[in-house]
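Peer 1: Below you'll find the structure I mean.
A short reminder: the numbers here are calculations on the coordinates, not readings from a lab. All of these numbers come straight from a predicted model, not from anything done at the bench. Methodologically, a virtual Cβ is constructed for each residue, glycine included, from the backbone with ideal geometry; neighbour enumeration extends over all protein chains shown.
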Amino acid sequence: MRIAIIGTGYVGLVAGTCFADSGNEVTCVDIDARKIRMLQNGEVPLYEPGLEELIRKNVRERRLAFSTELAPAVGPAQVVFIAVGTPEGESGDADLQYVLAAAEDIGRALRQYTVVVNKSTVPVGTADKVAEVLARTARVEFDVVSNPEFLKEGAALEDFLKPDRVVIGTASERARRLMGELYAPFVRTENPVLYMDSRSAELTKYAANAMLATRVSFMNDVAALCEKVGADVDFVRKALGADRRIGYPFLFPGVGYGGSCFPKDLKALVATGREHGLELDLLRAVDRTNERQKRLLVAKALKHFGGSLAGRTLGVWGLSFKPKTDDMREAPSLEVIEGLLGKGAQVVAHDPVAERGARRYFGDRIRYAALPYDALEGVDALCIVTEWNEFRHPDFERMKALMKTPVIFDGRNIYDPARMRELGFTYLGIGRR
Ligand code: UDX
């Protein structure tokens, strides 16, 4: 099949590369000429394990190309994906200007029957809006499909190539057949393609993210309660997860969720509810708990150091919102570090890949350490914000020797409290004794 993908962000780039890798001819289009030049030279503008190799392979084998020109890519395509950004609008709703502008250009460029697919996370009703724009601009037949993407950053290829499910929202039988063919290489019986109407598909994406965010905030509340009553959240988590109705994933308490999806999508869903006269109280509480959670490490540090951090230096391990990505969007580290600086501390931070992104937020207000141990020299305490694998089995004796005082505020509960006590650390996790 010939495919055009509009937008080379996370979703567009991963989808385009994976469709090319399953034998299709794909052109990825972006208005950002610098980004397209980079991609044409085999450089990938974001960090995602395995992506660069797969892009290069498919470019070499001439199934994948990059361009700033939309019309030549869209004209011959049978399927066109819209995968542009939907930033948070002024009242928490998703801003659709890029989606609708792309639809307008696509409409003018269509040359034969084409399926136009919304891959961006878009509010309920957007497929209808895109169809209206296309009806105004296109001279040929088309169908609009809502096909939300569920990939996780850091595991994007794996998620795309082996999805739990593929959701296809459209009333058109013709479009269903084409989409079914396109996704056939990635699905098996136990990970089905689910066909539905476009509104249900659009809502599914938001509901999935909202439910996962709810699990995280729920566990953060349980962790807070554990601290109050002298329980250990790790026991509680394992025993909850063993109930098959609950399951283990997304029950880890921490410094709050971040990233480009959960915070934004939750707010957008609340905004959608409000537009329709429905107050989604549960989801508002999920968001409130998350805001509280992002302030927790600083509160623990303040309490430990007697109410002030003036004159203290704190090391920070982990800047990206989660491991295996350089994404700093809504990263809890932003709140943690601003909080530490605001209370007068100096900060020296290390992240395996996110330093460049972090510099955009903090500039020279903090120091950056190239290696984990370099962020420990002479510090009064260490804050662990992102659970990168490289932090899981450090040389604790070396850490102790480097730190001024062996104090760790662990926002991800990656060490065993009893062992840390034996080693002589003051070790404060989330929801643990
Ligand atoms: C998420 C969804 O998982 C994905 O399906 C959707 O397409 C986009 O949004 P992503 O933002 O890449 O993906 O990250 P994810 O791995 O889901 O983690 C989200 C946040 O929740 C992170 O900040 C993570 O640290 C936090 N989290 C996750 C927890 O705090 N505890 C957990 O148990 C799981």
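Peer 1: Give, in nm to one decimal, the length gained when the segment between E53 and E90 is fully stretched (0.36 nm per residue of separation minus the Cα-Cα distance). Display every interim value, and only then the final one.
Peer 2: Working: separation 37, 0.36 × 37 = 13.32 nm, distance 3.85 nm.
Once the chain is fully extended between E53 and E90, it gains 9.5 nm.
Peer 1: Right, next: Can you give me the relative contact order of region 295-428 as a percent, contacts being Cα pairs under 8 Å and 6 or more apart? Before the final figure, lay out the partial values.
Peer 2: On the way: 251 pairs, mean separation 34.0, N = 134.
About 25 percent, as a whole number.
Peer 1: Under 10 Å, Cα contacts only: if you run a Gaussian network model on the chain, which one of L309, L64, L280 comes out with the highest mean-square fluctuation?
Peer 2: Between L309, L64, L280, it is L280 that shows the largest mean-square fluctuation.
Peer 1: I've got another one for you. Residue by residue through region 311-324, which ³J(HN,Hα) values in whole Hz follow from phi under the Karplus form 6.51 cos²θ - 1.76 cosθ + 1.60 (θ = phi - 60°), with glycine and proline marked x?
Peer 2: Along region 311-324, the couplings run x, 9, 10, 10, x, 10, 9, x, 10, 5, 5, 7, x, 6 Hz.
Peer 1: I've got another one for you. Apply 1/(1 + (r/R0)^6) to the Cβ-Cβ distance of K162 and A401, taking R0 = 45 Å, and write down the FRET efficiency to the nearest 0.05. Working shown, then result.
Peer 2: Values: r = 44 Å, r/R0 = 0.99.
The computed FRET efficiency comes out at 0.50.
Peer 1: Which far-off residues, 5 or more places away or on another chain, put their amide H under 5 Å from the one on V145, with H placed in the peptide plane?
Peer 2: Close amide H contacts, sequence-distant or interchain: V116, V117, N118.
Peer 1: I need the peptides 182-191, 310-319, 90-99, 291-300 ranked by packing, meaning the mean over residues of other C-beta atoms within 10 angstrom, with the highest value on top. Write out the running numbers ahead of the final one.
Peer 2: Values: 182-191: 12.7, 310-319: 22.8, 90-99: 16.1, 291-300: 20.2.
Ranked by mean Cβ neighbours within 10 Å, highest first: 310-319, 291-300, 90-99, 182-191.
Peer 1: Something else about it: Mind giving me the FRET efficiency for S200 and A299? R0 is 60 Å, r the Cβ-Cβ distance, nearest 0.05 is fine. Walk me through the intermediate numbers first.
Peer 2: Details: r = 41 Å, r/R0 = 0.69.
Using R0 = 60 Å, I get an efficiency of 0.90.
Peer 1: Now a separate question. Could you give me the ³J(HN,Hα) list for region 173-184, computed from phi with Karplus coefficients 6.51, -1.76, 1.60 and θ = phi - 60°, whole Hz, x at Gly and Pro?
Peer 2: 5, 4, 5, 4, 4, 5, 5, x, 4, 4, 8, 3
Peer 1: Amide H neighbours of V316 under 5 Å, counting only residues 5+ apart in sequence or on other chains, H built in-plane at 1.01 Å?
Peer 2: The list, which skips near neighbours in sequence, is V348, A349, H350, C383.
Peer 1: Which is farthest toward the positive dipole end of the chain among Y98, G424, S120, measuring Cα position about the Cα centre, with Cβ charges +1 (Lys, Arg) and -1 (Asp, Glu)?
Peer 2: Of the candidates, G424 comes out farthest on the positive side.
Peer 1: Same structure, new question: If we sort 118-127, 202-211 on the protection proxy, mean other Cβ atoms within 10 Å, highest first, what's the order? Display every interim value, and only then the final one.
Peer 2: Details: 118-127: 23.0, 202-211: 20.0.
So the peptides 118-127, 202-211, ranked by packing, come out 118-127, 202-211.
Peer 1: Under a plain spin-label model, where a point goes 7 Å from the Cα along Cα-to-Cβ, how far apart in nm are R177 and V229?
Peer 2: 5.9 nm
Peer 1: A follow-up question, please. So for the chain, averaging the separation of alpha carbon pairs under 8 Å that are six or more residues apart and normalising by length, what relative contact order in percent results?
Peer 2: On the way: 869 pairs, mean separation 50.3, N = 433.
It comes to 12 percent, rounded to a whole number.
Peer 1: A further question on this structure: Using the Karplus curve 6.51 cos²θ - 1.76 cosθ + 1.60 with θ = phi - 60°, what ³J(HN,Hα) values do you get for each residue of region 396-403, in whole Hz, with x for Gly and Pro?
Peer 2: Couplings: 5, 5, 5, 4, 4, 5, 7, 6 Hz.
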